[in-house]
Each structure stands twice: as C-alpha cells, then as structure tokens.
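Participant: Below: one structure in structure tokens.
The values are calculated or read from the model by the stated rules, or taken from the named source; none is laboratory data. Values in this document were obtained by computation on a predicted structure and should not be read as measured data. No Cβ is skipped: glycine too gets one built from the backbone with ideal geometry, and neighbour counts run over all protein chains shown.
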Amino acid sequence: RRDAMVEKLEEHLERWVEDLTDEQRALLARFVESQPHFAALRLENRRFLQRQTLAALRDVAGGQPGAEDSLRDIAVNWEKYSTPQYLQALREWERGMIGTFVALDRQLTATQRSTAVARLHQYSNDLYVLTDGAATRSATARPDGTVPAMP
C-alpha cells in the first residue's frame, strides 16, 4: 500500500514538474513512511462514509422525511460524518505534505521549476477562460484571432 501511495504522489508531481530526481523520490517515500497508518484510516473512513451514505439513500428511497437533506449533508459536510481518528490523521498528513512540498520546492531543478511555472500559467489561463474572463478574452481578441496575455 505504501509503494502505491508513493507512486501516486510521484505521478501527481511529475504532471507538474516532469521527471523527479532520485533525491525527490526518496523525499516522497520518507513522507509516506512517516504516515504509516494513514492509508488504513482513510480506507476505514471511506467505508464508514459509504455506510452512512447507503443508509441515507435507503431513507430517501423509503420516503423518510428529511432524508434528502441528510444525504446532501453527508456529501457536503463529510468531515462531520468522518471518524475523529481519520480527521486527526488527515490533519497530520496535510501538515506533513506541506512540509514535504516546501522541501521539494528547494530541490527543484531549473527545468522542473520552469515546467511548473508554465503549467501554472496554463491552468490559470484555462480557469480564466472557463469563468467570466471568457467573454472578456473573446472581446479582446485581436483581428488575427490571437488573444493578449491575461491581465
């Protein structure tokens, strides 16, 4: 399970910075090893939430008053329905992940940093186009069809 978690983190980061160095891979492995119970707690919590969701779905199907609101609440406020052990482990995972990303940032090569910045610009542009900026961008298109850079 740990190897799968490390591999997933590597794949995620490689989408941002492309190939990781051996040192960066080792950093990710150390982080996952520092959280030995997280995967099991996450799985246990997912199963718990699934049981809660199934019970709410049965209530909806049975016409129980307020069942739809309960189902919606489980989906929107899932933390409220999660186990305290999982929520604590999640906070620890997030703190550890932030520290790992900070350490990883210090290890990025110039090429990796350039790749990450280019990806951020592309995502930013995509989000801008998907929001109200779409109208502004099409209105500001040049006669040749190109669009000036985002403000």
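Participant: State whether the residues of region 18-34 include one that is in a loop (DSSP other than H, G, I, E, B) and among the charged types (D, E, K, R).
Facilitator: yes
Participant: Moving to a separate point now. Quick one: in region 91-109, which of the residues that are of a type in the set (A, V, I, L, M, F, W, C) and without any contact (Cβ under 8 Å) to a residue 24 or more places away in the chain is surrounded by the most Cβ atoms within 10 Å (Cβ to Cβ)?
Facilitator: Going through the qualifying residues, I end up with Phe101.
Participant: Please indicate, with yes or no, whether at least one residue in region 103-115 is modelled with pLDDT of 90 or more, not in a helix (DSSP H, G or I) and not β-branched (Val, Ile, Thr).
Facilitator: The answer is yes; a qualifying residue exists.
Participant: Still on this structure, I have one more. Of everything in region 53-79 that's polar (S, T, N, Q) and out of contact with any Ser or Thr (no Cβ under 9 Å at 6 or more places or on another chain), which residue is farthest from Asp3 (Cα to Cα)?
Facilitator: So, considering only residues that are polar (S, T, N, Q) and out of contact with any Ser or Thr (no Cβ under 9 Å at 6 or more places or on another chain), the one farthest from Asp3 (Cα to Cα) is Ser70.
Participant: For Gln112, indicate whether it is surrounded by 15 or more Cβ atoms within 10 Å (Cβ to Cβ), under 26 Å from Arg2 (Cα atoms) and in contact with a Gly (Cβ under 9 Å, 6 or more places away or on another chain).
Facilitator: For Gln112, the condition - surrounded by 15 or more Cβ atoms within 10 Å (Cβ to Cβ), under 26 Å from Arg2 (Cα atoms) and in contact with a Gly (Cβ under 9 Å, 6 or more places away or on another chain) - is not met.
Participant: I've got another one for you. Collect the residues in region 80-89 that are surrounded by 11 or more Cβ atoms within 10 Å (Cβ to Cβ), free of Cβ contacts under 8 Å to residues at least 40 places away in the same chain and either touching a helix residue (DSSP H, G or I) at 6+ places or on another chain (Cβ under 8 Å) or of a type in the set (Phe, Trp, Tyr) (or both), keeping them in residue-number order.
Facilitator: Within region 80-89, Tyr81, Ser82, Leu87 meet the criteria.
Participant: Here's something else I'd like to know. Evaluate the following for Arg72: is it basic (Lys, Arg) and over 26 Å from Ile98 (Cα atoms)?
Facilitator: So Arg72 fits the description; yes.
Participant: If you don't mind, another one. Between residues in region 35-49 that are without any contact (Cβ under 8 Å) to a residue 40 or more places away in the chain and residues that are surrounded by 16 or more Cβ atoms within 10 Å (Cβ to Cβ) and of a type in the set (A, V, I, L, M, F, W, C), which pairs lie under 8 Å by C-beta distance while being six or more apart or on different chains?
Facilitator: Ala39/Met5; Leu49/Ile74
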